[in-house]
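Report on one structure; see the data block that follows.
The numbers here are math on the coordinates, done by the rules we state, and not lab data. Predicted, not measured: the structure shown is a model, and the values here were computed from it. We place every Cβ from the backbone using ideal geometry, glycine too, and count neighbours over all the protein chains shown.
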Amino acid sequence: MNRFELLNKIQNILKDNLVICNIGLPSQELYKINDQPNFFYMLGSMGLSSSIGLGLSLSQTKQVISIDGDGSVLMNMNTLATIGNRAPSNYTLLIIDNGSYGSTGDQRTFTDENTSLKDIALGAGCKKVIECSGEETLNELSKAIEDKNNSYVIISKINSGNVKIDPIPLNPITIRDRFRKFIGIVKYL
Amino acid sequence: MKISKKIIDNLKKGGVDFYLSVPCKLLANMIDILENDKDVYYSAVPREEEGMGICAGAYLGNKFPCIMMQNTGIGNSVNAIVSLLQLYQMPVVFLISYRGTPGEPVGAQGGMAKITENILQTLRIPMLHCSSEKDLDRITTFSKHAKVVESPVAILCDFNLMKDDK
């Protein structure tokens, strides 16, 4: 299973929750599969999907899913400590771990060598850390969303590989405002 | 404590209700105040760049965020400021302890002090430079300005303004 197939498989859970989606191919693939106003597509700032989702979950009560990648988490590992100490129960971090920098040409990341994001997340203080296959991810994500008492870090181990895809045509303010309208903040659209 | 209390009071009057910090000894009193304030959210974060991301999420969730840090933190955060906060036009207040300004005992802080305002100018971030207690009266209006122009803004607090705020 690759990322596009995984996103296809979990799309029905995603569309019912607030989603922060990682820059590059993850956002482009999600946009192509089933664009929703409650999907916040990152157009820059690689590494910060986990952090943006954390801030969002601390600020309102709807369920938040941050979709991140192994390369991006490796770039901003300190935020796992913040998540381990501060994440509320409406927060789930889904790390799609394909062992490669998919958007830049599938160069290997360190999770394809010696590094375990599961061990790092546990060491950072995250309590509910699940490592699973792509096939198991839908079930694990459902359980995490249903659990109203805990935040989760789910590491979905899949194969690398991308589909050919176009950049997202939405401008950043459109992404911002339709997302905030979905939450009920923006009234003028 | 008087200076620190006034800064937080004026930020709160400006609507700021979500605070993060990467510590600085000049921010210590403000951190103490916020840790005991039940009306607003406060947390420490390990790194400023990450804090920019958390602030962005807090803004999406209808908070008005502030990140407190040394001026060195701006250097750690340039891409997050440009490619996240400014790209999506998100109001965030940077409350910056301006290390390396006169009174600073640590010489190594001088390097970032020399270029801090140039970086903020290059980023087109509105600045409020506070060197006396009277300057703090402008913080409330300046914070509200961030929301009006949908932009991060920076409040710089000089070393000598903060150092004796016991």
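Some notes on this structure:
- For B:Lys147, the aspartates and glutamates whose Cα comes closer than 16 Å to its Cα, not counting residues fewer than 8 places off in the same chain, are A:Asp177, B:Asp17.
- Spatially proximal lysines relative to A:Lys164 (Cα-Cα < 26 Å; intrachain offsets below 8 disregarded): A:Lys9, A:Lys15, A:Lys32
- DSSP-defined antiparallel bridges as percent of all bridges, region A:3-183, nearest 5: 10
- Selected from A:Ser133, A:Thr109, B:Ala58, residue furthest toward positive end of dipole (the protein assembly as shown; charges at beta carbon): B:Ala58
- Gaussian network model of chain A, Cα within-10 Å springs - most flexible of A:Lys164, A:Lys143, A:Lys62: A:Lys164
- Table column - 3J(HN,Hα) (Hz), region B:76-81, Karplus curve with 6.51, -1.76, 1.60, x for Gly and Pro: 6, 10, 4, 5, 5, 5
- Backbone amide hydrogens, once placed in the peptide plane, bring B:Tyr19 within less than 5 Å of B:Tyr41, B:Tyr42, B:Ser43, B:Cys66, excluding anything fewer than 5 places away on its chain.
- Selection from B:Asn29, B:Val149, B:Ile7, by position along the positive dipole direction of region B:7-166 (Cβ): B:Val149
- The convex hull built on the alpha-carbon positions of region B:2-162 has an orientation-averaged projected area of 8.2 nm².
- Charge dipole (Cα centre; +1 on Lys/Arg Cβ, -1 on Asp/Glu Cβ; no other charges) of region A:136-189 amounts to roughly 340 debye.
- Close amide-amide hydrogen proximity is noted between A:Ile155 and A:Ile95, A:Ile130, A:Glu131, A:Cys132, each under 5 Å apart and 5 or more residues distant or on a separate chain (H modeled in the peptide plane; Pro and chain starts excluded).
- Under the membrane-span-like helix rule (DSSP H runs whose alpha carbons stretch at least 27 Å along the helix axis, mean Kyte-Doolittle hydropathy -1.0 or higher), chain B yields none.
- Relative to the Cα centre, the charge distribution of chain A, modelled as +1 at Lys and Arg Cβ and -1 at Asp and Glu Cβ, gives a dipole magnitude of about 800 debye.
- Global form of region B:1-67, assessed from the alpha-carbon gyration tensor, a/c cut-off 1.5: oblate
- Theoretical ellipticity at 222 nm over the protein assembly as shown - DSSP helices of four or more residues, -39500 (n - 2.57) apiece, nearest 500: -12000 deg cm²/dmol
- Average Cα contact separation per residue, region A:39-189, under 8 Å, 6 or more apart, as relative contact order %: 24
- Pair A:Lys15, A:Ser133: separation of 7 Å Cα→Cβ label points (nm): 2.7
- For region A:3-183, radius of gyration divided by Kirkwood radius, i.e. Rg to Rh on alpha-carbons: 0.92
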